[in-house]
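Visitor: First the structure, which I've put down as structure tokens, then a few questions once you've had a look.
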Amino acid sequence: DSDEKERLEEFGDPQGVDELAAYATRPRRTCAEVLADFRSARPPLARYLDLIPPLRQRYFSISSSPLLHPTTAHLTVAVVRYKTLLHEPRLGVCSNYLASLPVGATVRIWLRTGCLQMPPEPTQIHRPLLLIGPGTGVAPLRAILQHRAAGNAATGAAGEAVLYFGCRSRRDDFL
């Protein structure tokens, strides 16, 4: 198709970089959506498969304390579902997979060391604790609160703990 060829040549021209960004990058078009717009473009399957990026590993923070749950690890996951600027639905692969599982399901995991450390053990547990998670995710903070609650139960010391967290959208700010 000559119109499609002309448009693709415009995208490939250095002067067409802004137009290409407006077409492909800003609305986050997938390879399949581009091929649907340019029906005459039929790359070999091997080339098409080279264009598809591999799924990235997803790391989730454990949101439970081993003091309260010594044989299990809990996750607190935001399920990724949104629409692009073109109103095309997008779903997070891992978060939607986890959301589809029944409560209590077993999943295979691997662990890696995180950067947050649990608060000091019982000698410091009576001190007040302020946790702030401005869009960082509430999972590790939930684990810290559980850890502290287990320490409080064991020692009888009960320091006040306050958690503030926020999401990107006001409608998501409440658990």
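Condition check ((1) open to solvent by less than 30 Å² (accessible area, probe 1.4 Å); (2) outside any helix (DSSP H, G or I); (3) modelled with pLDDT of 80 or more) across all residues:
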residue	(1), (2), (3)
GLY114	no, yes, no
ILE132	no, yes, yes
ALA149	no, no, yes
ASN152	no, no, no
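Visitor: Just checking, does segment 66-75 include any residue being in contact (Cβ under 8 Å) with a residue 24 or more places away in the chain and among the β-branched types (Val, Ile, Thr)?
Guide: No - not one qualifying residue is present in segment 66-75.
The values are calculated or read from the model by the stated rules, or taken from the named source; none is laboratory data. Computed from a predicted model, the values in this text were never measured in an experiment. So basically every Cβ, Gly included, is an ideal-geometry build from the backbone, and we count neighbours across all protein chains shown. Please note that ligands, DNA and RNA were not included when accessible areas were found on the heavy atoms of the full protein model with its side chains. Shrake-Rupley method; radii C 1.70, N 1.55, O 1.52, S 1.80 Å.
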